[in-house]
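Asker: Structure incoming, see below.
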Amino acid sequence: MFDDMRELYQEVIMDHNRKPRNFHRMDGADREVEGHNPLCGDSLTVFVRLEGDKVADISWEGVGCAISKSSASLMTEAVKGRTTEEAREMYGQFHNLVTREGSADVASLGKLKVFAGVGEFPARVKCATLAWRTMQAAIEGQEEAVSTE
Amino acid sequence: MKQKSDAATAPAPFDVASVRAQFPVLAQEVHGHPLVYLDNAATTQKPAAVIDAETHYYEMDNANIHRGVHELSQRATRSYEDARAKVARFVGSDDPAEIVFVRGTTEAINLVAQTHVRSVLNKGDEVVIGESEHHSNIVPWQMLCDQVGATLRVIPIDDHGALRMDAYEDLLSDRTRFVSVAHVSNALGTVNPVQEIVRLAHAHGAKVLVDGAQAAPHIHVDVAELDCDFYALSSHKMYGPTGVGALWGRRELLEAMPPYQGGGDMISSVTFDKTTYNEIPYRFEAGTPNIAGVIGFGAAVDWVTGIGIEAIAAHEHDLLEYATERLSALPGLRIIGTAPEKAAVISFTLDDIHPHDVGSLLDRAGIAVRTGHHCAQPTMAHFGVAATSRASFAAYNTRDEVDALVAALAEIIEVFA
């Protein structure tokens with residue numbers, strides 16, 4: 001049964017679910033935004049410290065399904081040290097990848113391509129994009145919580 | 001005169017294989033595995049007899065009811081009113097006029113809130129509900145209390161998921177006008193001590209509505225035994241079509257209630273100066289109803305009665321015990337809802353594995369459970385969880401299906417470890 005789900009629950013995803021990276025509060029964060037997926041109970045907060053237009057540091061805390069947690073973990077790894085413009089561009093590519101809309105430059109996504117399988121499971125797209133939407137809101141200085149609904 | 005089964009016409013011993021054979025939907029594979037449908041608390045599957053009853057109506061008898069003088073209208077009206085009598089008998093009433101057809105339990109509760117309770121509830125008065133209620137038995141009362149300036153009081157549950165009767169007694173006062181509780185909790189499976197709840201409410205001059213959505217399919221319901229004032233049930237939770245349910249109400253209460261929705265059929269006469277309302281139950285059935293659905297509902301009542309509610313209850317109780325034992329043996333599995341008296345509903349969590357993942361993976365094995373808050377967010381909050389996975393059983397489920405669930409969960413636990 002589980003072999004059928006390998007496309008979604010890849011080893012990298014399972015690893016990041018068990019041991020999420022950058023998983024901690026950040027004191028002295030410039031931005032702190034909450035994100036919620038009310039339909040399934042995913043809930044996280046993204047913390048960002050900016051230096052000029054660079055994401056100097058990014059971390060997160062939260063609870064949720066394996067897809068949302070591993071996505072948050074991999075997102076923080078991908079975005080840390082990048083410029084806000086690069087983070088924005090990456091979010092666009094990631095969104096295309098998981099929704100199978102538009103074209104995604106898979107090569108530029110690196111490890112994030114493990115989420116390619118999410119498109120087969122439309123019910124899980126919002127789980128995968130929650131952390132990215134929340135990160136985007138944090139970078140843009142939005143203060144209200146993000147919701148997938 | 002209540003209908004009782006007697007020895008001469010006792011139903012045949014429960015034969016789950018022959019029960020399953022009556023449900024066309026069960027003979028399919030999902031993602032390459034035989035369907036294991038364990039989401040019955042969300043909705044039940046329909047036997048051929050129910051599907052055929054609706055089909056027959058549309059093929060042979062379809063016409064609008066109550067107003068026509070032609071043959072099809074007579075047939076449709078007879079079938080519709082026969083269903084009303086069947087539902088009345090099913091809940092233990094010999095008076096069909098005490099059955100109002102509605103869209104479902106949710107509409108039944110809203111109807112009572114906005115008619116009977118609205119007419120007796122004043123500012124400063126109180127309505128009592130349980131902590132473990134489904135949102136349909138919370139929100140209508142919140143809305144009503146807001147409208148009127150009344151207070152909503154909540155009976156807490158204990159850590160087994162049973163209503164705390166000591167706290168309930170403390171909550172009741174001379175300001176209590178109405179009590180509304182579930183017969184069976186949809187998220188926890190708890191069977192509430194409704195007779196005692198009613199007795200105490202009446203002692204304080206309050207009337208009682210019982211939400212029977214999760215009870216009617218699974219346990220014997222008798223409104224005379226319960227002595228409640230209103231009882232709500234849904235067709236689709238008991239092997240009948242969606243979009244139809246019933247409200248049973250004591251005749252004298254229904255007769256005193258103002259109408260709910262205005263329109264055709266609920267009137268006696270209409271002029272622009274004055275409109276008069278119809279007698280019960282028609283006063284509460286505005287517009288053309290879900291005629292086919294009601295007829296299907298009647299067929300579902302026949303089907304359940306034919307097997308015997310006690311036989312179904314015994315079969316499900318065996319599944320509950322077996323499943324509880326096998327699930328409890330899985331590492332990291334915690335059952336939420338451990339009251340001594342339960343219907344066949346098992347909500348559970350797995351350590352470090354989110355219900356959403358559990359549900360998706362079980363689905364790939366052909367197993368349907370529900371994950372989430374089950375429209376009972378306060379219940380989830382009580383147990384400190386955002387969501388649970390819930391397996392809920394019906395007449396056509398088997399021990400083999402429990403084994404399939406346990407095997408799949410064991411695999412999930414291993415992979416996530």
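The values are calculated or read from the model by the stated rules, or taken from the named source; none is laboratory data. Source: prediction; values computed, not measured. Heads up, the Cβs are rebuilt from the backbone with ideal geometry, glycines too, and the neighbour counts pull from every protein chain shown. Side chains are part of the model used for accessible areas, which takes the heavy atoms of the whole protein and leaves out ligands, DNA and RNA. Shrake-Rupley method; radii C 1.70, N 1.55, O 1.52, S 1.80 Å.
Asker: Look through A:Gly28, A:Gly62 and report the one residue that is of a type outside the set (S, T, N, Q) and within 14 Å of chain B (Cβ to nearest Cβ). Give the derivation first.
Answerer: Values: A:Gly28 fails: within 14 Å of chain B (Cβ to nearest Cβ).
Criteria check complete, one pass: A:Gly62.
Asker: If you go through the stretch A:6-19 one residue at a time, do you hit one that is open to solvent by less than 10 Å² (accessible area, probe 1.4 Å), assigned to a loop (DSSP other than H, G, I, E, B), within 14 Å of chain B (Cβ to nearest Cβ) and free of Cβ contacts under 8 Å to residues at least 60 places away in the same chain? Even if it seems obvious, please write down each step before you answer.
Answerer: First pass over the stretch A:6-19, keeping only residues open to solvent by less than 10 Å² (accessible area, probe 1.4 Å): A:8-9, A:13-14, A:16.
Those still in the list that are assigned to a loop (DSSP other than H, G, I, E, B) too: A:8-9.
Restricting the remaining residues to those that are within 14 Å of chain B (Cβ to nearest Cβ) gives A:8-9.
Those left that are additionally free of Cβ contacts under 8 Å to residues at least 60 places away in the same chain: A:9.
Within the stretch A:6-19 (the criterion being open to solvent by less than 10 Å² (accessible area, probe 1.4 Å), assigned to a loop (DSSP other than H, G, I, E, B), within 14 Å of chain B (Cβ to nearest Cβ) and free of Cβ contacts under 8 Å to residues at least 60 places away in the same chain), the answer is yes, since at least one residue qualifies.
Asker: From (1) more than 17 Å from the chain's Cα centre (by Cα); (2) at pLDDT 90 or above; (3) open to solvent by less than 10 Å² (accessible area, probe 1.4 Å), pick out the condition that doesn't hold for A:Phe2.
Answerer: (2)
Asker: Something else about it: If a residue counts only when it is in contact with a Gly (Cβ under 9 Å, 6 or more places away or on another chain) and in contact (Cβ under 8 Å) with a residue 12 or more places away in the chain, which helices (runs of 4 or more DSSP H) contained entirely in the stretch A:21-116 have at least 2 such residues? Can you show your working first?
Answerer: Values: elements: A:66-79, A:84-99, A:106-109.
Qualifying helices (runs of 4 or more DSSP H): A:66-79, A:84-99.
Asker: Determine which member of the set A:Lys69, A:Lys111 is more than 14 Å from chain B (Cβ to nearest Cβ), among the basic types (Lys, Arg) and open to solvent by 10 Å² or more (accessible area, probe 1.4 Å). Spell out how you get there, then give the answer.
Answerer: Numbers: A:Lys69 fails: more than 14 Å from chain B (Cβ to nearest Cβ).
When all the criteria are applied, what remains is A:Lys111.
Asker: Quick one: in the stretch B:373-403, which of the residues that are touching a His at 6+ places or on another chain (Cβ under 8 Å) and surrounded by fewer than 22 Cβ atoms within 10 Å (Cβ to Cβ) is nearest to the other protein chains (Cβ to nearest Cβ)?
Answerer: So, considering only residues that are touching a His at 6+ places or on another chain (Cβ under 8 Å) and surrounded by fewer than 22 Cβ atoms within 10 Å (Cβ to Cβ), the one nearest to the other protein chains (Cβ to nearest Cβ) is B:Ala386.
Asker: Taking into account only those residues within the stretch B:317-364 that are over 15 Å from B:Val402 (Cα atoms) and among the hydroxyl-bearing types (Ser, Thr, Tyr), which is nearest to the other protein chains (Cβ to nearest Cβ)?
Answerer: In this case the residue turns out to be B:Ser360.
Asker: Also, I was wondering about something else. Under 6 Å between Cβ atoms, at least 6 apart or on separate chains: pull out the pairs that start in the stretch B:252-268 with a residue that is touching a residue at least 60 places away in the same chain (Cβ under 8 Å) and end on any residue that is of a type in the set (S, T, N, Q) and buried (at least 16 other Cβ atoms within 10 Å of the Cβ).
Answerer: B:Met257/B:Thr115; B:Pro258/B:Thr115; B:Tyr260/B:Thr115
Asker: Let me ask you something else. Can you run down the residue pairs with Cβ atoms below 8 Å, 6 or more apart or on separate chains, where the first is in the stretch B:39-62 and touching a residue at least 24 places away in the same chain (Cβ under 8 Å) and part of a loop (DSSP other than H, G, I, E, B) and the partner is open to solvent by 50 Å² or more (accessible area, probe 1.4 Å) and not aliphatic (A, V, I, L, M)?
Answerer: B:Ala41/B:Arg370; B:Ala42/B:Arg370; B:Thr43/B:Thr242; B:Pro47/B:Gln22
Asker: Related question: If you take just the strands (runs of 3 or more DSSP E) that sit entirely in the stretch B:129-243, which of them hold at least 1 residues that are of a type outside the set (D, E, K, R) and surrounded by fewer than 24 Cβ atoms within 10 Å (Cβ to Cβ)? Working first, answer last.
Answerer: Details: elements: B:151-155, B:176-182, B:207-211, B:230-234.
In the stretch B:129-243, B:151-155, B:176-182, B:207-211 are the strands (runs of 3 or more DSSP E) which contain 1 or more residues that are of a type outside the set (D, E, K, R) and surrounded by fewer than 24 Cβ atoms within 10 Å (Cβ to Cβ).
Asker: On the basis of being of a type in the set (Ser, Thr, Tyr) and modelled with pLDDT of 95 or more, does A:Ser73 make the cut? Steps first, answer last, please.
Answerer: Details: of a type in the set (Ser, Thr, Tyr): yes; modelled with pLDDT of 95 or more: yes.
Yes.
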